[in-house]
Amino acid sequence: MTTVDKTQHSYIPTLVEEMSSGTIGRRDFLRKATLLGLSAAAAYSMAGVAMPGAGAQAEDMPKGGNLRIGMRCMEIKDPHLADFAEKSNVIRQVCEYLTFTDRNNITHPYLLEKWEASDDLKTWTLHIRKDVKWRKGGKPLTADDVVWNLKRVSDPNVGSSVLGLFTGYLVQEYETGEKDEKGNAKKSSKLWADNAIEKVDDYTVRLNCFAPQIAVPEHLYHYPMFILDPADNGAFGPDANGTGPFEMTEYTVGKGAKYKARTDYWGTGPYLDTFEYVDLGDNPGAGIAAMASKQVDGLSEADAVQINSMKNFPHVAVYQVETTQTVVARMHPDIEQFKDKRVRQAMRYAIDRDKVIQTALLGAGAPAEDHHVAPSHPEYAALPKYPRDIEKAKKLLADAGYPDGFEFDMVTRPDPIWELNTAQVLAQQFADIGVKINIKALPSAQYWEVWTTAPFSLTAWGHRPLAIMTLSLAYRSNAAWNESNYSNPDFDKLLTEAEGILDPKERSKVMAKIEAIMQDDGPIVQPFWRVFSTVMDKKVKGFELHPSQYIFAHQYAISA
């Protein structure tokens, strides 16, 4: 019988027994146990498997040199507002997270030394590493810094998407007493109690939640949940302070970013002297040409068409990983044409998902089910799929008052090319039920300005290890990234309930109800889950493709 430390969460012994009996697999054990605060080393030891990377030796890595990765470089107004992986990749080399979720969806401490969760999942104690120092000034990272950041992303006036994640356990909505233009009560949000985010001592922070929440460690790894120097007050650019492995020396929107390695970094690496992003623009051919000519040493992302063009380059290595990355054609239900849910259902019945995958991704994907919960998510519940049914779609449109269909604009962007290809295939299939879609492919810079406001838009969504995390970001009422303006009290209530359930099997019972709401009433057409891929020059060492598209330059090296 396995011996378990008494300081561990009380559910850990149950997980050990479930793994021993075969009720759960080793991977499930690792994910659940680490979320509850068990160290990855201890979890892997209990699971009887070698910890990935445990054998890697820093001294074996080449030292020095400059690494160049092709990636779009967008305007960054505030790291806590980062809304694309590319923006977070720029910031991540300078500023860091409290936790780290690896490519196997196992969450580890990062700026934290460890965390502890109470049995009821309402109290989370965060222990900060004592060896982390800010680049400028050499002062240590403290609980005051962490509290400032957690409270800042909880402020609705800042507008961080982290607010959507915290809503339901740290943040509560309230009516302001004012009315909007339609006469509805205006709402805002605030921390539910003065001690919701509490400094315990100089290196300890406690989250006192009003509701249980299992995903706290993964929320702390969300795109914009960077730990910033309070003295910068949300500003970011060259010379911004951080605890990360690099100093940013140059940044030009649409051109690139340059970094210089710190020599006093607290963690492992960096191995490079310098690192840079090169913005290659919207044309996918530019990435192929840049790799062919060795203008860059890798790309942050390469779609199936690009991969086919580059896979035979002798100096290029191809990387692929299965993810919960997807794209959704999302409708604003408050727009006249999409108000009736039968119209939204008709749009879903219009789609031949296999054909979209073959045409837009050259087969590198799997059919999705219009509820944004992937089969690889631990709380996934299998429901009947929406087949393509043109006659049913036409009847739904007619019943909703559109017997002859309608015409509407759909906003998308030309890069990456698979997004535009997807929009074109969807438009062709919508036409079969009488809905004429005019594709508005905006330059990326313009698209990023309207992605949450366009009435009908195609939007790519990144990988999240838990479905409850994606749903709270994208569909919870009033969440910053709720791009569809979707609001359903039953959905919100069920989502909050699911967030407090530890056992994924029990959570999936609630998730089945959530998925059913999304399929019946939801605002999206979701054609597929995407296999994510990219390329690197074979002289790049230490690179592992992360499903979230995250770049960790301090882990990479480049051989001569």
Taking the criterion of being in contact with a Ser or Thr (Cβ under 7 Å, 6 or more places away or on another chain), modelled with pLDDT under 95 and closer than 21 Å to GLN549 by Cα, would at least one residue in the stretch 257-275 satisfy it?
no
Answer yes or no: is there a residue in the stretch 253-262 that is in contact with a Gly (Cβ under 6 Å, 6 or more places away or on another chain) and either over 30 Å from PRO140 (Cα atoms) or open to solvent by 10 Å² or more (accessible area, probe 1.4 Å) (or both).
no
Condition met for SER559 (surrounded by fewer than 19 Cβ atoms within 10 Å (Cβ to Cβ), of a type in the set (Gly, Ala, Ser), touching a strand residue (DSSP E or B) at 6+ places or on another chain (Cβ under 7 Å) and in contact (Cβ under 8 Å) with a residue 24 or more places away in the chain)
yes
Scan the stretch 288-302 for residues that are closer than 21 Å to GLY363 by Cβ and open to solvent by less than 10 Å² (accessible area, probe 1.4 Å) and report the count.
2
Sort through ALA360, ALA350, ALA329, ALA346 and tell me the only one that's among the small types (Gly, Ala, Ser) and within 24 Å of HIS546 (Cα to Cα).
ALA360
Residues to consider are ALA431, ALA441, ALA445, ALA427; find the one that is in contact with a helix residue (DSSP H, G or I) (Cβ under 9 Å, 6 or more places away or on another chain) and of a type outside the set (Val, Ile, Thr).
ALA441
Search the stretch 174-209 for residues being open to solvent by less than 70 Å² (accessible area, probe 1.4 Å) and modelled with pLDDT under 95, and hand back the single one that is nearest to GLU113 (Cα to Cα).
SER189
Only one residue in LEU494, LEU545, LEU502 is surrounded by fewer than 24 Cβ atoms within 10 Å (Cβ to Cβ) and in a helix (DSSP H, G or I), so which one is that?
LEU494
Just give me the residues in the stretch 427-438 being assigned to a loop (DSSP other than H, G, I, E, B) and either farther than 21 Å from ILE335 by Cβ or open to solvent by 50 Å² or more (accessible area, probe 1.4 Å) (or both), in sequence order.
ASP432
Checked SER508, SER533 against criteria (on the phi < 0 side of the Ramachandran plot, open to solvent by less than 10 Å² (accessible area, probe 1.4 Å) and not hydrophobic (A, V, I, L, M, F, W, C)); the one match is SER533
Selected residue (criterion: farthest from VAL305 (Cα to Cα)) from residues of the stretch 345-361 that are open to solvent by less than 10 Å² (accessible area, probe 1.4 Å) and either modelled with pLDDT of 95 or more or in contact with a Cys (Cβ under 6 Å, 6 or more places away or on another chain) (or both)
ALA346
Over 18 Å from the mean Cα position of the chain (by Cα), part of a loop (DSSP other than H, G, I, E, B) and at pLDDT below 95 - does that describe any residue in the stretch 516-529?
no
Between a first residue in the stretch 392-409 that is farther than 18 Å from PHE456 by Cβ and open to solvent by less than 90 Å² (accessible area, probe 1.4 Å) and a second residue that is modelled with pLDDT of 95 or more and basic (Lys, Arg), which pairs have beta carbons less than 6 Å apart while being 6 or more apart in sequence or on different chains?
ASP399/ARG342
Mind checking whether some residue in the stretch 156-179 is among the aliphatic types (A, V, I, L, M), in contact with a Ser or Thr (Cβ under 8 Å, 6 or more places away or on another chain) and not in a helix (DSSP H, G or I)?
yes
Tally, over the stretch 220-230, of residues that are surrounded by fewer than 24 Cβ atoms within 10 Å (Cβ to Cβ) and not in a loop (DSSP other than H, G, I, E, B)
1
Go through LYS114, LYS151 for me and flag whichever is under 23 Å from the mean Cα position of the chain (by Cα) and either part of a helix (DSSP H, G or I) or crowded, with 18+ Cβ neighbours inside 10 Å (or both).
LYS151
Which residue is nearest to GLN358 (Cα to Cα), if the candidates are limited to the stretch 514-530 and must be of a type in the set (A, V, I, L, M, F, W, C) and crowded, with 19+ Cβ neighbours inside 10 Å?
PHE528
Touching a residue at least 24 places away in the same chain (Cβ under 8 Å), buried (at least 19 other Cβ atoms within 10 Å of the Cβ) and not aromatic (Phe, Trp, Tyr), is that true of LEU383?
no
Taking the stretch 312-332, which residues are surrounded by fewer than 20 Cβ atoms within 10 Å (Cβ to Cβ) and at pLDDT below 95?
ASN312, GLN320, VAL321, GLU322
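The values are calculated or read from the model by the stated rules, or taken from the named source; none is laboratory data. Quick caveat, the model's predicted, so the values are computed rather than measured. Glycine also receives a Cβ, built like all others from the backbone with ideal geometry; neighbour counts cover every protein chain displayed. Accessible surface is based on the protein model in full, side chains and every heavy atom, while ligands, DNA and RNA are left aside. Shrake-Rupley method; radii C 1.70, N 1.55, O 1.52, S 1.80 Å.
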